[in-house]
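The values are calculated or read from the model by the stated rules, or taken from the named source; none is laboratory data. Treat the numbers as computed from the prediction; the structure is a model and nothing was measured. Please note: Cβ atoms are built from the backbone with ideal geometry, for glycine as well, and neighbour counts cover all protein chains shown.
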Amino acid sequence: MDLTAMDLTSDAYSLGALARIRRFMIGLALLAGIALWFGFGGRIGLGFALGCGVSYLNFHWLKRIVDTVTERTVATGIRQSGRLIVIRFLLRYGALAVASYGIVTVSPSSLYGFFGGLFLPAAAILCEAAYELCRPSTETR
């Protein structure tokens, strides 16, 4: 396999994994959200749903930032300034702090669900890892 074909295969593999991680995030959020809603009550379930929403949005923004910086670097050949990346990073965590404060003032018990929802990307990545371990290899050696 030549280098170009390997790059295309790698890109297709990465895009497939990213799409699966997003689907895992949505599926896990729905399943766990419903279970928490009925198991622990509406406040924790709602907090979990808010945490999942924030973490999914954060995941999407992070991907978009990485894509933008990569495209600009490849297009211009010049290393991009990290100032804008740092500002966006801080704004994301500032929004997270504001959401946490809002939840604590309304319902302290829903903060547990909110923090649980923030682990959604990690759980989805673990599901993707399990998927990759269990699927048959299409590559011949």
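List of remarks:
- Residue in the stretch 46-65 that is over 21 Å from TYR93 (Cα atoms), modelled with pLDDT of 80 or more and over 11 Å from the mean Cα position of the chain (by Cα) present: no
- So GLU132, is it exposed (fewer than 13 other Cβ atoms within 10 Å of the Cβ) and either at pLDDT 80 or above or out of contact with any Gly (no Cβ under 6 Å at 6 or more places or on another chain) (or both): yes
- Of all residues in the stretch 86-107, those that are surrounded by 11 or more Cβ atoms within 10 Å (Cβ to Cβ) and closer than 24 Å to LEU36 by Cβ total 10.
- Matching residues in the stretch 108-122 - criterion: being of a type outside the set (Phe, Trp, Tyr), surrounded by fewer than 16 Cβ atoms within 10 Å (Cβ to Cβ) and in contact with a helix residue (DSSP H, G or I) (Cβ under 7 Å, 6 or more places away or on another chain): SER109
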